[in-house]
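Values in this text are rule-based calculations from the coordinates and carry no lab data. Quick caveat, the model's predicted, so the values are computed rather than measured. We place every Cβ from the backbone using ideal geometry, glycine too, and count neighbours over all the protein chains shown.
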Amino acid sequence: MPRKWRLTDRTRMLLTLELAIILPAASLMAFSIWNLYHMQRDKAIEAAIQRDFTHVLMFAEKRTWLRAGEMLTPVRKEFPPCPNDRSQIKPQLDRVLAAHPEFLFAILYDKDSDVWVWRQQAGHDGDEAFQRRVADEVAITNKWLPFEAPELVHKLQKAAANDEEPFGYEGYWSDHNDEHFYTSIAYFIPPDTPKDRITLGVVGFDPEYLRNTFFPAVITAVLTSKNSALKADANPPAIMIHPTRSTTPWVASPGWDGGRSEMDRPLSEAFQGLAFSIKYSGTTIDEIGAKFLKYNYFILAALSLVMCGGIFLTYRNISREMKLARLKSDFVANVSHELRTPLALIRLYAETLELGRLTAQEKYQEYFRIIREESERLTALINNILDFSRIEAGRKEYEFKETNLAELIRTTLDSYRFQIEQNGFAFEENIAADIPPVNVDREAIARSLLNLVNNALKYSKDQKFIGVSLYRANGSVKLEVQDRGIGIAPAEQDKIFEKFYRCGDPLVHNTKGSGLGLSLVRHIALAHGGNVFVESVPDKGSKFTIALPINPPAHEGGAIA
Ligand code: ADP
């Protein structure tokens, strides 16, 4: 029957564990794994970063455009107005260029009066290559601008009417003597130009200024702006500008460490022919995605481990509690049985005596002896239970007194000797002569001895022998109780000192007992600053040794293990 109970309990516990802990935890884990797996497939992290990068580059383009406008606004204001006095155009263009060294040349075009006047930045008189290049760029502009001027003017007027930036741009790369040059011009309607005139001012940006001053400033402004997409703590993003038809950086932020850019944005308004590129310095989006996944898998693995540990601990605790509960119920059954048997015997023999029908005197003697023995057994059991409950409640107190142990052991055994021999046991008593006085609780030590002797009586079969020795060894006094009984399996030798524990041997099950005796013996030994040990071979016998220090340290016993 107990086995069946155990199975039911176990199944119930496993079910509870499964339902209450494992199921929710496992579903959480499964969900996380599923989530991560899909995240990996959708490249969600990569997509999020790319979205952020798109915003940054849009912001960068807008910033470039605004800055270009800021550069052009004063230039436009200072430009010569619609040409009434032709002689004034050149000096005024020279003044504009002198005030704005960031431009290489300036042109004023007027369709009606057929004006095409251009000036270049002063200070390059001896630089033929420069002059040729500027002349080339002006000539190129001259080829298309007059034809498109009416349309451009119309567009600029419309922009101004809509409160938009009144500037137009053109940008391209060209080769001069195997060198690659970037040309970027801006055009606008000079101030005070009547609506019906086709007049345009044109300025050419100095590419060196763009490259060394203008774009580095734009990039710094973008990278230091409070854009949330730039808050990648470990790996700050880096930005560079390159010609649209090549990936070689033209301008780059300090963190640009080469490699493939994550995202490109060609400039569409001001500075066409150039493109922004962005990436993380020191890593790639793929790497970040992979790292994120790895990190999450790692956390998941760690959490699973913790969860398994938790489940294991819960399982262990519950099993322990269940075992204890089972032991307690066994204990109650055992104790009731143990109380009932001697009481029944006492009543039976007392009733027989009362009837007065016995003839032989020996019979009387025998019945009296049985009644005494059974009441002694009852007393011992009740004492054990009382001691146990006192210890459990933390109320057990020992009265340590200097004691002649040899004498205590001898008198305890004397009152028991008769019973031992009656049971057919050979009894050997070995008490050394040099036992010093030891501070002990007399009653507790006597009870320990009785428990050990009682066990030797109970757990012996054919070889009926009990040996008790008391001797001195290494600063302690040792009390040994030896038998040649059924012995204890090595695996059980530690457990027998636990409360309620009884071995699995069939003889043990058929023998009355509460599983309390040895746990009390150990508690008493520990309270005396000593300990109890067992040496036992199954079917050969057991030897229990209580070691008591001669000079015990101050020690109080705690609860029973
Ligand atoms: P019990 O009331 O069951 O005797 P104890 O705490 O005294 O409780 O002993 C615990 C268990 O240890 C016993 O049930 C028995 O299985 C085992 N045991 C104790 N003493 C002996 C011994 N001398 N020989 C064999 N087994 C023993």
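Multiply the residue gap between ASN430 and ALA135 by 0.36 nm, knock off their C-alpha separation, and tell me the result in nm, one decimal place. Show your work: numbers first, answer last.
Working: separation 295, 0.36 × 295 = 106.20 nm, distance 12.79 nm.
Extending this stretch completely gives an extra 93.4 nm.
Below 25 Å, Cα to Cα, which lysines can LYS279 reach? Residues fewer than 8 away in the same chain don't count.
Hits, sequence-local ones excluded: LYS43, LYS62, LYS226, LYS231, LYS291, LYS294.
Which value, in debye to the nearest 20, gives the size of the charge dipole of the chain about its Cα centre, when Lys and Arg are +1 and Asp and Glu are -1 at the Cβ?
Computed charge dipole of the chain: roughly 2940 debye.
Specify the longest stretch of the chain that does not include any exposed loop site, a site being one of the GluC sites (Glu not before Pro) with a non-H, G, I, E, B DSSP assignment and at most 14 other Cβ atoms within 10 Å.
My reading of the result: 165-396 is the longest stretch.
Let's see if you can work this out: charge +1 on each Lys and Arg Cβ, -1 on each Asp and Glu Cβ, no other charges. What is the dipole magnitude of the range 102-259 about its Cα centre, in debye to the nearest 20?
460
How large is the charge dipole for the range 444-500, taken about the Cα centre, if only the Cβ atoms of Lys, Arg (+1) and Asp, Glu (-1) carry charge, to the nearest 20 debye?
180
What ³J(HN,Hα) values, in whole Hz, does the Karplus curve 6.51 cos²θ - 1.76 cosθ + 1.60 give for the range 400-415 when θ = phi - 60°, with x put for Gly and Pro?
Listing the rounded values in order: 7, 9, 5, 10, 7, 4, 4, 5, 4, 5, 4, 5, 4, 5, 4, 6 Hz.
Could you tell me how far the Cα centroid of the range 136-157 sits from the Cα centroid of the range 337-369, in Å?
136
Using a ≥ b ≥ c from the Cα gyration tensor of the range 370-505 (square roots of the eigenvalues), is it rounded, prolate or oblate, where a/c under 1.5 gives rounded and otherwise the larger of a/b and b/c decides, a/b for prolate?
Rounded, because the longest to shortest axis ratio a/c is under 1.5.
Considering the options THR244, ILE370, PRO91, tell which one lies farthest towards the positive end of the dipole of the chain, charges being +1 on Lys and Arg and -1 on Asp and Glu at the Cβ, about the Cα centre.
After comparing all options, I get ILE370.
Straight-line reach from LYS396: which lysines have a Cα under 29 Å away, not including same-chain ones fewer than 8 places off?
LYS323, LYS328, LYS458, LYS478, LYS495, LYS499, LYS512, LYS543
Please report PHE312, PHE205, PHE465 as a ranked list, fewest other C-beta atoms within 10 angstrom at the top and most at the bottom.
Final ranking by Cβ density, sparse to dense: PHE312, PHE465, PHE205.
For the range 260-364, what's the relative contact order in percent, using C-alpha pairs closer than 8 Å and at least 6 residues apart?
Contact order relative to length: 12 percent.
Angle between the Cα long axis of helix 89-99 and the longest principal axis of the chain, 0 to 90 degrees, nearest 10?
30
Could you work out the per residue convex hull volume over the alpha carbons of the chain, in cubic angstrom?
That works out to 294 Å³ per residue.
Tell me whether the range 73-142 comes out rounded, prolate or oblate; compute the Cα gyration tensor, take square roots of the eigenvalues as a ≥ b ≥ c, and use a/c under 1.5 as the rounded threshold. Present the calculation step by step, with values, prior to reporting the outcome.
Values: a/c = 2.00, a/b = 1.36, b/c = 1.48.
The shape class here is oblate.
Return the sequence-ordered ³J(HN,Hα) values of the range 240-251 in whole Hz as given by the Karplus equation 6.51 cos²θ - 1.76 cosθ + 1.60 applied to θ = phi - 60°, using x for Gly and Pro.
9, 10, 9, x, 4, 9, 9, 9, 6, x, 9, 10
If you find the alpha carbon centre of the range 389-406 and of the range 204-220, how far apart are they in angstrom?
Going from one Cα centre to the other spans 95 Å.
According to a simple spin-label model (label point 7 Å from Cα along Cα-to-Cβ), what is the distance in nm between LEU36 and LEU324?
3.8
Determine the gain in length on full extension of the stretch LYS540-GLU397; use 0.36 nm per residue of separation and subtract their C-alpha separation, reporting nm with one decimal.
Going from the current span to full extension adds 47.8 nm.
In Å³ and rounded to a whole number, note down the convex hull volume per residue for the Cα atoms of the range 132-196.
In the range 132-196, the Cα hull volume divided by residue count equals 92 Å³.
Any chance you could run the full-extension gain for PHE418 through ARG12? It's 0.36 nm times the residue separation minus the Cα-Cα distance, nm to one decimal.
141.0 nm
Which whole-Hz ³J(HN,Hα) couplings does the range 185-191 yield from phi under the Karplus relation 6.51 cos²θ - 1.76 cosθ + 1.60, θ = phi - 60°, glycine and proline marked x?
Going residue by residue, I get 10, 10, 10, 7, 8, x, x Hz, with x marking Gly and Pro.
Efficiency by 1/(1 + (r/R0)^6): what FRET value for LEU355 and ILE22, r their Cβ-Cβ distance, R0 = 56 Å, to the nearest 0.05?
The formula returns an efficiency of 0.25 here.
What is the order of MET240, MET29, MET263, fewest Cβ neighbours within 10 Å to most?
MET29, MET263, MET240
Relative to the first principal axis of the alpha-carbon coordinates of the chain, what is the inclination of helix 2-17, with its axis defined by its Cα atoms, in degrees from 0 to 90 and to the nearest 10?
Taking Cα atoms only, the helix is inclined about 20 degrees.
Going by alpha carbons, how many degrees (0 to 90, nearest 10) lie between the helix axis of 361-392 and the longest principal axis of the chain?
Helix 361-392 sits roughly 20 degrees off the main axis of the chain.
If each residue's Cβ is checked for other Cβ atoms within 10 Å, how do SER415, SER87 rank with the fewest at the top?
Ascending number of Cβ neighbours within 10 Å: SER87, SER415.
Pull up the DSSP beta bridges for the chain and report the antiparallel fraction as a percent, rounded to 5.
Roughly 90 percent of the DSSP beta bridges within the chain come out antiparallel.
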